[in-house]
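Since every read-out is calculated from the coordinates, none of them should be taken as a lab result. Computed from a prediction, not measured in an experiment: that's the story for all the values here.
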Amino acid sequence: MLIDFVPSGGWKSEFSVKEFHGRVQGIKVKAVDTTGAGDAFVSGLLLSLASNMNLYQVGEDEFGYMLADILKQNNVDSSGVRFDPNARTALAFVTLRADGEREFMVFRNPSANMLLCESELNLGLLKEASIFHYGSISLIEEPCKSTHLAAMEIAKKNGTILSYDPNLRLPLWPSPEAAREGIMSIWDQADIIKISEDEITFLTGGDDPYDDNVVLTKLFHPNLKLLLVTEGSDGCRYYTKEFHGKVQGVKVKAVDTTGAGDASVSGVLWSLVSNMNLYQDEKVQGITVTERGAIPALPTREAVLQILPNVAA
């Protein structure tokens, strides 16, 4: 887990911002996220949608305690939290362009979330999960990488659905080649994968991200139950073994896109817990970009239901 610091005003570079506001990037799903790795996997949408549990490590510092306290305030099971006395909580400074898109500067050298060991995993929480959601950033450094892989193996043996959002952050990887290799190293193990257009282009070496054949031949694997491709304001494409299609997005004025992709996959996972045929919660992406930050902008279930009639057929 980490804390995002977002500028209180409009677009500025890191060097001209006079005031940042701290925002939490966390994880929330009726499931367990991965090993406390850096970026948001499923940012706290389900804080307002469903019960959940978390496995993560933060520093034994004020930022770490703040993260844990915010999750408790939102009825998140925090029994899986660990406080590392020897490392700090990861911080990310986010600057916003005029169109609401982001640039990141991350401080973690190393941060507590990179140091979680396999022996520190809460096996009880892993075995209770219906969905295990994770990203790729925890694959960059040891010991977190081995911990991540061990957690996946435990969840898989327990019959838990594995959900993967690579959440590409190139500046954190040693090289683009290392990022591509690391992300794809666990690709075939996931039951559900969520990616963006940019990630398709990156992972396929420059292929057209809007070509269904590219997605189906290069990224859809035999064990995959659902592949989601988010397209920002244009909505989301979905692919299964039997069919594929698209859900239109909700047109909004984007202020800050932080958490939009996380909100999308959170809504889908929450729906899939109850019914594997539900996809309409993708529309939460449109609501999430209308406020600053990740968790503070996330909508309640009621807000999602109110906006659904506005979605184009």
Please list, ordered by chain and number, the residues whose modelled amide H lies under 5 Å from the amide H of GLY235; skip anything fewer than 5 residues away on the same chain. GLY249
Taking amide hydrogens as modeled 1.01 Å from N in the peptide plane, which residues meet the under 5 Å criterion relative to ARG88, leaving out close sequence neighbours? ALA112
List the residues, sorted by chain then number, that are 5 or more residues from SER196 or on another chain and whose placed amide H is less than 5 Å from its amide H. THR230
Once phi for every residue in the range 56-65 is put through the Karplus expression 6.51 cos²θ - 1.76 cosθ + 1.60 (θ = phi - 60°), the whole-Hz ³J(HN,Hα) values, with Gly and Pro written as x, are 7, 10, 10, x, 7, 9, 5, 5, x, 5
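How big is the antiparallel share of DSSP beta bridges in the range 102-236, given as a percent to the nearest 5?
In the range 102-236, DSSP labels about 10 percent of beta bridges as antiparallel.
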Note to self: C-alpha centroids of the range 175-196 and the range 78-149 sit apart, in Å, by 17
